[in-house]
Amino acid sequence: MKTNLYSILQRKIILITLVVSLAPLIILGAVIYYQFAEIYQVKIEEQIIYRATAQAEALELFLKERTAILSAMADTHRFMDMTDGRQLNNIFQVMNTHAGAFVDLGVIDNAGRHLAYVGPYNLEGLNYFQQPWFGEVMSRGIYISDVYMGYRQIPHFIIAVRRQENDQSWILRATIDPYIFGNIVQAAQVGKTGDAYIINKEGIYQTQPRFGADIQSKSNLDTSLFGGKTSVIEMTNGNGNQILYAGAWLKNNTWLLVINQEVKEEMRGLLATRTMEVIIILAGILAIVLTTIFTTFLAISGLRAADNKMNELNAQLVQSDKMAALGKMAAGLAHEINNPLAVILQKTGWMEDLLEDEDFKQSQNLHEFRTSIKKIEEHVERARKVVHNMLGYARKMEPHLEDVDINSTLRQTINLLENYARINNIEITTELAADIPIIASEQAQLQQVFLNLISNAIDAINKDGIVRIVSKCVQNSIEVQIIDNGPGIPDDLQSKIFDPFFTTKETGRGTGLGLWVSYDIMQKLGGNIQFRSQVDQGTIFTVSIPMVTPEKK
């Protein structure tokens with residue numbers, strides 16, 4: 001029944017402890033993760049916006065620098081000088097020296113005729129009057145075109161400025177190197193999935209994207225989704241991956257710089273953090289679970305041990321009560337036995353007197369009669385001695401010093417236990433020093449100590465052994481040693497043998513109070529008890545008794 005109660009209690013403690021411990025941990029972990037995810041998302045968007053803005057400013061600066069140097073060349077040189085091929089080549093070299101990225105340079109009159117040209121293509125003499133960009137330059141004065149094929153049949157874009165000289169208008173036009181410009185755009189590409197490119201308002205690629213498209217092909221982006229400033233949108237591509245797009249407008253909102261990145265790659269740091277957080281939380285949960293189970297098991301085991309100990313103590317107390325009652329009965333019984341023994345002894349004396357009669361003297365069995373009466377007297381005297389010793393041990397006396405013969409007290413104690421030892425085939429031998437003096441002590445208390453130690457030695461041997469009892473004088477004390485050749489006391493139990501209620505005997509055979517009482521008695525008498533023991537070799541208990549000289553009477 002109690003086992004079930006302990007099991008239920010253990011489960012309840014584990015459940016309550018785990019709920020109380022794990023719920024805050026899991027909730028805290030979830031809150032921290034989601035808050036961190038929101039902050040991380042904002043940081044990612046801010047980062048890609050910053051990249052797009054910074055790259056757009058760099059591209060705007062690139063275009064403005066080329067436009068400015070082209071305008072400066074047109075403003076500082078006359079049309080006549082510009083149409084001179086040698087002079088135009090010098091101007092072209094100066095422009096590339098100070099700015100670079102110019103592929104060619106040409107001068108076009110107001111009729112669209114290419115009058116002078118410097119560059120890798122044979123474009124001099126061509127007429128651009130029907131080209132869309134020509135009309136734009138003539139009407140606006142400065143124009144940066146979209147990417148187109150033109151006469152050279154390769155994708156490129158131009159910067160052109162119109163100048164008015166007297167009554168004549170003319171155009172200075174330069175082609176920008178698409179590879180240099182494209183490299184500036186692609187510098188914003190980050191990671192394995194990142195891309196950067198420019199599209200116009202119709203979604204036509206103006207630079208080469210990184211994945212799966214060509215210049216002048218149509219993109220899938222709706223440019224109307226991007227506002228006037230740098231903005232961010234999130235879309236799903238054909239592979240089902242979430243893509244983050246940042247767009248920044250260029251060239252008077254006619255070009256859109258797009259920087260995109262897979263959300264999964266951008267969130268890689270967050271995913272790594274989430275994995276680490278999950279690992280830490282799982283490790284914490286595992287540690288809490290194991291610790292809870294272990295500590296609960298220890299606590300319940302302690303309760304079970306305490307309960308078992310309490311049951312043992314209760315059983316020992318009951319046994320002690322029984323032994324105390326039995327001791328009283330034995331004392332009473334011993335007192336009652338004294339009377340019949342006295343009568344028997346009296347009758348043997350009367351029988352001895354009868355044997356002196358003439359009639360009995362003539363009997364052939366006279367010697368046998370006298371021998372039998374003698375044996376009866378010996379055994380009665382022995383019985384009286386045992387009863388006397390038992391009464392002396394059981395008699396509760398007020399503590400007082402008296403003359404004590406240690407050797408005599410030992411012999412009396414041995415007489416009490418001799419029959420018990422003989423039944424178990426255990427021999428009790430003595431080596432009692434003859435120079436042991438009479439001391440002032442309490443005989444009953446000392447006899448109780450000797451009785452406890454000798455009976456313990458007999459119990460330890462159990463069967464077939466020897467108990468040696470040695471007395472001797474050592475400086476100012478008398479030492480009594482009780483030596484047995486029993487199994488010895490294990491090392492892990494030696495520190496506990498003087499604890500109350502500690503016993504190595506089977507349940508019901510000992511109360512665990514004998515050594516504790518004996519130790520307490522010797523402490524009160526000013527002596528002590530020590531022991532040495534080795535497993536399988538036996539035990540030696542040494543009782544040190546103060547050598548107190550009796551008062552003169």
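The values are calculated or read from the model by the stated rules, or taken from the named source; none is laboratory data. Just so it is clear, the structure is predicted and the values come from calculations on it, not from any experiment. No Cβ is skipped: glycine too gets one built from the backbone with ideal geometry, and neighbour counts run over all protein chains shown.
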On the given criteria, is Leu225 closer than 30 Å to Asp104 by Cβ and of a type in the set (A, V, I, L, M, F, W, C)? no
If we keep only residues of the stretch 445-465 that are more than 51 Å from the chain's Cα centre (by Cα) and polar (S, T, N, Q), then the residue nearest to Gln412 (Cα to Cα) is Gln447
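For the condition within 26 Å of Glu427 (Cα to Cα) and either at pLDDT 90 or above or surrounded by fewer than 20 Cβ atoms within 10 Å (Cβ to Cβ) (or both), what is the one hit in Val543, Val474?
Answer to the selection: Val543.
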Residue pairs meeting the criteria (Cβ under 7 Å; at least 6 apart or on separate chains; first free of Cβ contacts under 8 Å to residues at least 12 places away in the same chain, in the stretch 227-248; second surrounded by fewer than 13 Cβ atoms within 10 Å (Cβ to Cβ) and part of a loop (DSSP other than H, G, I, E, B)): none
Can you name every residue in the stretch 527-549 that is in a loop (DSSP other than H, G, I, E, B) and touching a Ser or Thr at 6+ places or on another chain (Cβ under 9 Å)? Gly527, Met547, Val548
Taking Gln131, is it surrounded by fewer than 20 Cβ atoms within 10 Å (Cβ to Cβ), in the same structural domain as Asn260 (by TED's automatic domain parsing), in contact (Cβ under 8 Å) with a residue 24 or more places away in the chain and more than 60 Å from the chain's Cα centre (by Cα)? no
Check whether at least one residue in the stretch 424-439 is surrounded by fewer than 18 Cβ atoms within 10 Å (Cβ to Cβ), touching a residue at least 24 places away in the same chain (Cβ under 8 Å) and closer than 21 Å to Leu525 by Cα, and report yes or no. yes
Could you list, ordered by first residue, the pairs with Cβ atoms under 7 Å in which the first is in the stretch 169-184 and at pLDDT below 90 and the second is of a type in the set (Val, Ile, Thr) and not in a helix (DSSP H, G or I), at least 6 apart or interchain? none
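Which of the following residues is in the same structural domain as Gln242 (by TED's automatic domain parsing), surrounded by 15 or more Cβ atoms within 10 Å (Cβ to Cβ) and out of contact with any Lys or Arg (no Cβ under 7 Å at 6 or more places or on another chain): Gly85, Gly125, Gly29?
On inspection, the qualifying residue turns out to be Gly29.
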Return yes or no: is Leu326 part of a helix (DSSP H, G or I) and either touching a Lys or Arg at 6+ places or on another chain (Cβ under 7 Å) or at pLDDT 80 or above (or both)? no
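Residue by residue through the stretch 134-178, note down the ones that are β-branched (Val, Ile, Thr), assigned to a loop (DSSP other than H, G, I, E, B) and surrounded by 19 or more Cβ atoms within 10 Å (Cβ to Cβ).
Val147
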